[in-house]
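Inspection log for the structure reproduced underneath, given as structure tokens.
The values are calculated or read from the model by the stated rules, or taken from the named source; none is laboratory data. Just so it is clear, the structure is predicted and the values come from calculations on it, not from any experiment. Neighbour counts run over all protein chains shown; Cβ positions are idealised from the backbone, glycine included. Surface accessibility is based on the protein's heavy atoms, side chains included, excluding ligands, DNA and RNA. Shrake-Rupley method; radii C 1.70, N 1.55, O 1.52, S 1.80 Å.
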Amino acid sequence: IISKTIFNQKLEKHLPPGPNPWPIIGNLNLIAFDPRRSIQSLCEKYGDIMLLKFGKFPVVIASSSEMARQFLKVNDAIFASRPALAAGKFTGYDYKNMAWAPHGPHWIQARKIYHMEVFSDKKMESFEHIRVEERRDLVSRLCSLSGKTIMLKDHLSKYTLSIICRMLISKKYFVESEHENSSSKHLESMVGELLDLNGVFNIGDWIPWLSFLDLQGYVGRMKALQKKLDKFYDYVIDDHEAGRAAEKDFNPKDLVDVLLQMAENPNLEVKITRDRIKGLIQDIFNGGIDSTANAIEWAIRETLKHPHIAEKAKAELDKVIGRKRWVEEKDLTQLPYIDAIVMETLRLHPLATFLTYHYSIKDSKVAGYDMPKGTTVLINIWSIARDPKTWDSPNEFLPERFLGKEVDVLFGSNFTLLPFGSGRRRCPGLSFGLKVLRITLANLLHGFNLKLGEGIRVKDVCSEDMGTAVTRPKVPLAVVVEPTLPHDLY
Ligand code: HEM
């Protein structure tokens, strides 16, 4: 009876191929224990578009550039929403942030605010001094640790966190301290956990009547984390409100000031509440800190694994910049090999295996298949960027393949490479993240000899990730840094 029902359904509707689902659990039996790897191997079997059932919910996996184009360009307006998952409810202020917001007036308004108040060319320029100062701070900190084995990622996360804090909330709020709850390390670890929890596969999302059991403990962790972050945001907002109250003719200095000012505007289509302010701050913490730090770490890791690539990059830097100054943002267009390393890094090590879930708001037909309203879509950017039909030697780190190409191949109009997504939901922090990644990588290679930590051999440098949705390196990178520019530059 079951297979007949399924067969009839498939006849009535032209659905993408995929394994037959079980009642209640759908195909969860095939993927629940190692979702990422299981989905990848099912894609190999069923092809570039596959239908799975997560519980009773249809989930389509798109694993080729053409299928990505179908969802992110041809049918973008239909698939630009998000499913209502626990991560959005418990870590996205009940979908009042941007990343988990369904397509609608709140999300449209939020994106406009981001574009105008954070990522416009004018704003990006006005924040340049922050990026310069924090970069100086990073290189002098690294210089002071020269000769010692350090965990590079710790320094990179601290650096991206400081830039974001100063742009968003003007201050760092957290100080260098041994006290766990007031150190920047504390905020960093909360933000790292936030990113991970936003990528988990939570069974209760797909079998809602089981959600109260919180079988994997993720919802409990989300709630506990959100409570801690909420306390921090309350403190920041209260402090900003006090600043506004104390100053006559107050001039907004950062995004929180701007949002508080907008909250007083009765004519906005969607009222900006305190929770919406928190959600929007949280998006930038969630999206901007670890993503960029991870990408810089991956790039350095690959150059350590392939010393000839580091040498070639240094030769370019010596020729274009010389040995008497640091690289500045205006130099970036003169450094094609650095850009090639960046592009190859984001090809092999995207932030996540799949883009954040997309979700359809009405019935549609995609590539000849019927897609009912409420279909969730996972775009498999990891497989697309390693597709042997598009890429020669797809698993090798070969920056040369990008020589002669501009970094805008990363912007999503070429569906063979989608590290930032494409279409309406494309990453709004793209140009900021990319700028920080390019300039930091260039300066680290220019100003330091980076060597592997004691006892680590080149062949031991691991390029594997942890196998979770967010592609974090399996083994943290331990390095020794040696300054190479004149001492007064550090
Ligand atoms: C190398 C750095 C970064 C990478 C690789 C990256 C990647 C991504 C990806 C793949 C998405 C999902 C797109 C989709 O759903 O189709 C995304 C969304 C997003 N990113 Fe980024 N990102 C980076 C940096 C940043 C930065 C610096 C910020 C903010 C400061 C940011 C904020 C966001 C937000 C808010 C979203 C959700 C957009 C929405 O749902 O409308 N990201 N990012």
Open item on the list: Take the conditions touching a helix residue (DSSP H, G or I) at 6+ places or on another chain (Cβ under 6 Å) and among the charged types (D, E, K, R) and apply them to Glu241. Does it pass?
Closed with: no
Task: region 311-337 residues that are without any contact (Cβ under 8 Å) to a residue 40 or more places away in the chain, paired with ones that are surrounded by fewer than 16 Cβ atoms within 10 Å (Cβ to Cβ) (beta carbon under 7 Å, 6 or more apart) - done: Val320/Gln334
Task: Members of region 115-125 that are away from the ligand (no atom under 12 Å from the Cβ) and open to solvent by 60 Å² or more (accessible area, probe 1.4 Å) - done: Met116, Asp121, Lys122, Glu125
TODO: Looking only at region 341-349, decide whether some residue is under 13 Å from the mean Cα position of the chain (by Cα) and touching a residue at least 40 places away in the same chain (Cβ under 8 Å).
DONE: yes
TODO: Could you tell me which numbered condition Ser291 fails, if it satisfies all but one of (1) over 21 Å from Met98 (Cβ atoms); (2) assigned to a helix (DSSP H, G or I)?
DONE: (1)
Task: Within region 12-49, considering residues that are small (Gly, Ala, Ser) and within 21 Å of Ala367 (Cα to Cα), the one surrounded by the fewest Cβ atoms within 10 Å (Cβ to Cβ) - done: Gly47
Task: So Ile384, is it under 25 Å from Gln70 (Cβ atoms) and within 16 Å of the ligand (Cβ to nearest atom) - done: yes
Open item on the list: Anything in region 86-109 that is within 12 Å of the ligand (Cβ to nearest atom) and among the charged types (D, E, K, R)? List them, or say none.
Closed with: none
- [ ] Report whether or not Leu52 is open to solvent by 20 Å² or more (accessible area, probe 1.4 Å), over 22 Å from the mean Cα position of the chain (by Cα) and farther than 21 Å from Gly287 by Cα.
- [x] no
TODO: For region 242-273, name all the residues that are over 27 Å from Met124 (Cβ atoms) and either open to solvent by less than 80 Å² (accessible area, probe 1.4 Å) or assigned to a loop (DSSP other than H, G, I, E, B) (or both).
DONE: Ala242, Lys248, Pro266, Asn267, Lys271, Thr273
Task: Which listed residue is within 13 Å of the ligand (Cβ to nearest atom) and either modelled with pLDDT under 95 or open to solvent by 40 Å² or more (accessible area, probe 1.4 Å) (or both), from Lys158, Lys148, Lys112 - done: Lys112
Task: Criterion violated by Phe250 - all others in (1) hydrophobic (A, V, I, L, M, F, W, C); (2) without any contact (Cβ under 8 Å) to a residue 60 or more places away in the chain; (3) within 12 Å of Tyr233 (Cβ to Cβ) satisfied - done: (3)
TODO: Among the residues of region 99-154, write down those that are within 19 Å of Arg276 (Cα to Cα) and basic (Lys, Arg).
DONE: Arg111, Lys112
TODO: Could you grab me the full set of residues in region 442-477 that are more than 23 Å from Val342 (Cβ to Cβ), open to solvent by less than 30 Å² (accessible area, probe 1.4 Å) and under 27 Å from the mean Cα position of the chain (by Cα)?
DONE: Gly467
TODO: Find the residue count for region 68-86, including only residues that are of a type in the set (A, V, I, L, M) and open to solvent by 20 Å² or more (accessible area, probe 1.4 Å).
DONE: 4
Open item on the list: If I go through region 413-435 residue by residue, how many of them are more than 7 Å from the ligand (Cβ to nearest atom) and closer than 19 Å to Lys122 by Cα?
Closed with: 2
TODO: From Pro58, Pro19, Pro102, Pro35, grab the single residue that is modelled with pLDDT under 95 and not hydrophobic (A, V, I, L, M, F, W, C).
DONE: Pro35
Open item on the list: For Leu403, only one of the following conditions fails: (1) in contact (Cβ under 8 Å) with a residue 60 or more places away in the chain; (2) within 22 Å of the chain's Cα centre (by Cα); (3) closer than 29 Å to Cys462 by Cβ; (4) away from the ligand (no atom under 11 Å from the Cβ). What is its number?
Closed with: (2)
- [ ] For Leu280, indicate whether it is aliphatic (A, V, I, L, M) and surrounded by fewer than 21 Cβ atoms within 10 Å (Cβ to Cβ).
- [x] no
Task: Selection from region 384-416 of residues that are among the aliphatic types (A, V, I, L, M) and within 21 Å of Ala99 (Cα to Cα) - done: Leu410
- [ ] Find all pairs meeting these conditions: Cβ atoms under 6 angstrom apart; at least six residues apart or on different chains; first residue within region 58-80 and on the phi < 0 side of the Ramachandran plot; second residue open to solvent by less than 30 Å² (accessible area, probe 1.4 Å) and of a type in the set (D, E, K, R).
- [x] Ala80/Arg425
TODO: Return yes or no: is Phe71 at pLDDT 95 or above, farther than 24 Å from Gly279 by Cβ, near the ligand (Cβ under 10 Å from one of its atoms) and under 21 Å from the mean Cα position of the chain (by Cα)?
DONE: yes
Open item on the list: Exactly one condition in (1) more than 16 Å from the ligand (Cβ to nearest atom); (2) of a type outside the set (Gly, Ala, Ser); (3) within 25 Å of the chain's Cα centre (by Cα) is false for Pro83; which is it?
Closed with: (1)
Open item on the list: Out of the residues in region 249-298 meeting the condition of being away from the ligand (no atom under 14 Å from the Cβ) and acidic (Asp, Glu), tell me which one is modelled with the lowest pLDDT.
Closed with: Asp249
